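I have placed the structure first, in the form of structure tokens, so that the comments after it can refer back to it.
Only the coordinates and a few stated rules stand behind these numbers; no lab work does. Since the model is a prediction, treat every value here as computed from it, not as a measurement. As a convention, Cβ positions derive from the backbone with ideal geometry for all residues, glycine included, and neighbour counts pool all protein chains shown.
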């Protein structure tokens, strides 16, 4: 258990094989967010990608605007806007408008851009993207704060720029993506943003959790702020079912295409090989993925808590490993059995059960005495009526 209840959500890149109708895939992504809203998930973060065929949402802002009209409670984040791809002023304008139109449900996640095929199309130097993100985020935060900004850069320019609208929220929540290196953690700490650890369950990402938190905390302190673990979100894949055997059977549906994408297209190879069954065994053994039961999911989250020292939210990497029906069932099981474990929702119920069990002998005696009393009362009334 954690002192502060964990938040739960998804990180929706998304991942869709190229043999499916893309419009149907986008419709299903929207249906997933609507389902999560009904299942009491807290957040959904929507990705931005422009190449490589599988991650087909180009504008998380457009997706969020539509999803907001179909949901009531779930918060919606850009996961992430790749800042080097955009003029910072235009990004700030779009996010503030979404903040108004969602009544504060929007969250602003940023990153340098993960796919090198995106950067290549746009003519960007990969070695400069993290510096570009840092520069853009600094300008955007000033615009959010209502400043009039003049800024000269080698890739954008602002002349007495100011937003027409101030944010609807008192403060728009910002998060910076982090994989393995401390670059994202340092940027997040510098700008007072939360940390979004996308590779938290990879072998290298898991090992670096503590170091990345230290890098984040150091930058927070240098900026005169206290680091808040509640703003730290970890991302990892999970698929659960009633049994481990069923969960493993379910993910055979789409795991092969997902591995093909990472190994052969996105140039982000996964350290597994061989058959699908062998890949499942290795992904579970490495701790990268949960493919099992609600109890396995609970164990994974507790493992991440121990390794990290504590965090505020966990996001399912939406992998599409299983069929649509089995995917929905996985999220339902998670909301029923895993989320309450980390959100103290049943603490009061458990205490009343313990109290009832403790007092059971006395309660039974009292109940029995009350029944006996009623029998005696009834017998006395019958005697009076018959004059006996």
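Across 5 Å bins from 0, what is the distribution of all Cα-Cα pair distances for the range 144-255, in whole percents?
2, 11, 14, 13, 14, 13, 12, 8, 5, 3, 2, 1, 0
In Å, what Rg and Dmax follow from the Cα atoms of the range 242-388?
For the range 242-388, the Cα radius of gyration and maximum Cα-Cα distance read 27.7, 98 Å.
To the nearest 0.05, what FRET efficiency results for residue 344 and residue 380 with a Förster distance of 51 Å applied to their C-beta separation?
It comes out at approximately 0.50.
Determine the percent antiparallel among the DSSP beta bridges restricted to the chain, to the nearest 5.
Around 10 percent of the beta bridges assigned by DSSP in the chain are antiparallel ones.
Cα extents of the range 303-388 along the three principal axes, largest first, in whole Å?
Rounded to whole Å, the extents work out to 82, 35, 15 Å.
Measure out, as a whole number of angstrom, how far apart the alpha-carbon centroids of the range 288-363 and the range 197-244 sit.
Between the Cα centre of the range 288-363 and that of the range 197-244, the gap is 19 Å.
At residue 355 and residue 222, where each label point lies 7 Å from the Cα along Cα→Cβ, what is the point-to-point distance in nanometres?
5.2
Hey, can you rank 43-50, 335-342 by average C-beta count inside 10 Å, highest first?
By packing density, highest mean first, the sequence is 43-50, 335-342.
Give me the Å³ per residue figure for the convex hull around the C-alpha atoms of the range 40-92.
Each residue corresponds to 90 Å³ of Cα convex hull volume.
What FRET efficiency do you get for residue 90 and residue 204 if R0 is 35 Å and r is their Cβ-Cβ distance, rounded to the nearest 0.05?
Calculated transfer efficiency: 0.50.
Divide by every residue of the chain the summed helix terms, -39500 (n - 2.57) for each DSSP H run of at least 4, and state the resulting mean residue ellipticity at 222 nm, rounded to the nearest 500 deg cm²/dmol.
-14500 deg cm²/dmol
Please check: in the Gaussian network model of the chain (C-alpha springs, under 10 Å), which one of 36, 122, 83 has the largest mean-square fluctuation.
Highest fluctuation among the options: 122.
Based on a Kirkwood Rh over C-alpha pairs, give the Stokes-Einstein translational diffusion coefficient of the range 148-211 at 20 °C and viscosity 1.002 mPa s in µm²/s.
So the translational diffusion coefficient is about 150 µm²/s.
From the Cα trace of the range 1-123, what convex hull volume per residue do you get, rounded to a whole Å³?
Per-residue hull volume (Cα only) is 127 Å³.
Go through 316-326, 18-28 and give me the packing order, highest mean Cβ count within 10 Å leading.
By packing density, highest mean first, the sequence is 316-326, 18-28.
Please list 263-270, 277-284 highest first by mean number of surrounding beta-carbon atoms within 10 Å per residue.
Put in order of decreasing packing, that is 277-284, 263-270.
On a C-alpha basis, how far is the centre of the range 134-174 from the centre of the range 39-77 in Å? Whole number, if you could?
Value for the Cα centre distance between the two parts: 23 Å.
What residue among 119, 215, 161 shows peak mean-square fluctuation when the chain is described by a Gaussian network model with Cα springs under 10 Å?
Of 119, 215, 161, the Gaussian network model singles out 161 as fluctuating most.
Taking the Cα atoms of the range 82-218, what is the range of coordinates along each of the three principal axes, in descending order and whole Å?
Principal extents (largest minus smallest coordinate, Cα): 45, 34, 26 Å.
Would you compute, for the Cα atoms of the chain, the largest minus smallest coordinate along each principal axis and list the three values in descending order, in whole Å?
Each principal axis gives a Cα extent; for the chain these are 109, 54, 40 Å.
Under a 10 Å cutoff between Cα atoms, tell me which one of 306, 131, 99 has the largest fluctuation in the Gaussian network model of the chain.
With Cα springs under 10 Å in the chain, the top fluctuation among 306, 131, 99 is at 306.
Hey, what did the chain get for relative contact order, percent, Cα under 8 Å, at least 6 apart?
The normalised contact order for the chain reaches 17 percent.
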